[in-house]
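As structure tokens, the structure follows; a few thoughts come after it.
The values are calculated or read from the model by the stated rules, or taken from the named source; none is laboratory data. A quick note: this is a predicted structure, and the numbers were derived from the prediction, not measured. Ideal geometry is used to build each Cβ from the backbone, glycine not excepted, and the neighbour counts take in all protein chains shown.
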């Protein structure tokens with residue numbers, strides 16, 4: 001039985017609406033009301049909470065890495081709204097020496113962010129302290145270290161289109177939008193922990209490929225600005 005016929009059968013006891021007798025009986029009315037309530041509340045009561053669980057787990061894993069893993073002992077994080085599903089509010093993950101002052105956004109940072117509110121459209125990459133630091137505009141014209149990284153990651157499918165992010169990339173679908181049936185199927189098949197680990201692994205791959213080069217740039221930048 002196809003899905004359309006199955007849904008009609010569950011609600012009305014018939015495979016086709018044309019075979020349903022109206023006025024409908026009380027049982028059919030109750031089934032219809034239940035189906036309507038599920039449809040009306042499915043996003044807020046089912047899909048959004050699942051996306052939130054995955055996001056919270058991502059944040060938890062990254063925080064635990066700072067506490068437990070030697071290679072991240074020097075890292076810190078700033079969450080400006082990412083874990084609450086606020087769009088364009090990043091989760092920043094960075095070595096402390098990338099900051100100018102404690103509790104401020106670092107000069108550069110690894111970051112996760114949502115394109116839309118309510119945990120929809122997640123991307124990652126490297127973002128700047130602000131539009132003007134450590135350089136103005138989309139392209140680091142006089143910063144060879146960053147220009148080389150931009151070119152390298154452009155070839156890996158990252159975008160170089162904003163003033164805030166030297167480069168960023170939406171996670172591969174269905175993990176990127178987090179709003180397709182395939183994404184929820186991944187959660188059902190693999191569990192929250194394993195799905196969250198996918199995002200963390202992608203971010204860690206970016207860190208491994210870039211941290212040494214950015215460390216050198218940050219040190220050079222601070223010396224030029226008289227910060228060290």
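Computed values, structure above
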{"quantity": "Residue in the stretch 49-71 that is surrounded by fewer than 16 Cβ atoms within 10 Å (Cβ to Cβ) and outside any helix (DSSP H, G or I) present", "calculated": "yes"}
{"quantity": "Test: residue in the stretch 198-220 that is part of a loop (DSSP other than H, G, I, E, B) and within 15 Å of the chain's Cα centre (by Cα)", "calculated": "no"}
{"quantity": "Set 188, 183: member being surrounded by 11 or more Cβ atoms within 10 Å (Cβ to Cβ) and either at pLDDT below 95 or farther than 17 Å from residue 113 by Cα (or both)", "calculated": "183"}
{"quantity": "Residues satisfying the stated conditions in the stretch 115-156, i.e. at negative phi, in contact with a helix residue (DSSP H, G or I) (Cβ under 6 Å, 6 or more places away or on another chain) and not in a helix (DSSP H, G or I)", "calculated": "124, 134, 140"}
{"quantity": "Check on residue 154, touching a strand residue (DSSP E or B) at 6+ places or on another chain (Cβ under 8 Å), more than 15 Å from residue 53 (Cα to Cα) and exposed (fewer than 14 other Cβ atoms within 10 Å of the Cβ)", "calculated": "yes"}
{"quantity": "Residue 8 modelled with pLDDT of 95 or more and touching a helix residue (DSSP H, G or I) at 6+ places or on another chain (Cβ under 8 Å)", "calculated": "no"}
{"quantity": "Verdict on residue 193 being in contact (Cβ under 8 Å) with a residue 60 or more places away in the chain and exposed (fewer than 14 other Cβ atoms within 10 Å of the Cβ)", "calculated": "yes"}
{"quantity": "Output for the stretch 74-114, where each listed residue is part of a strand (DSSP E or B) and surrounded by fewer than 23 Cβ atoms within 10 Å (Cβ to Cβ)", "calculated": "75, 76, 77, 78, 79, 92, 95"}
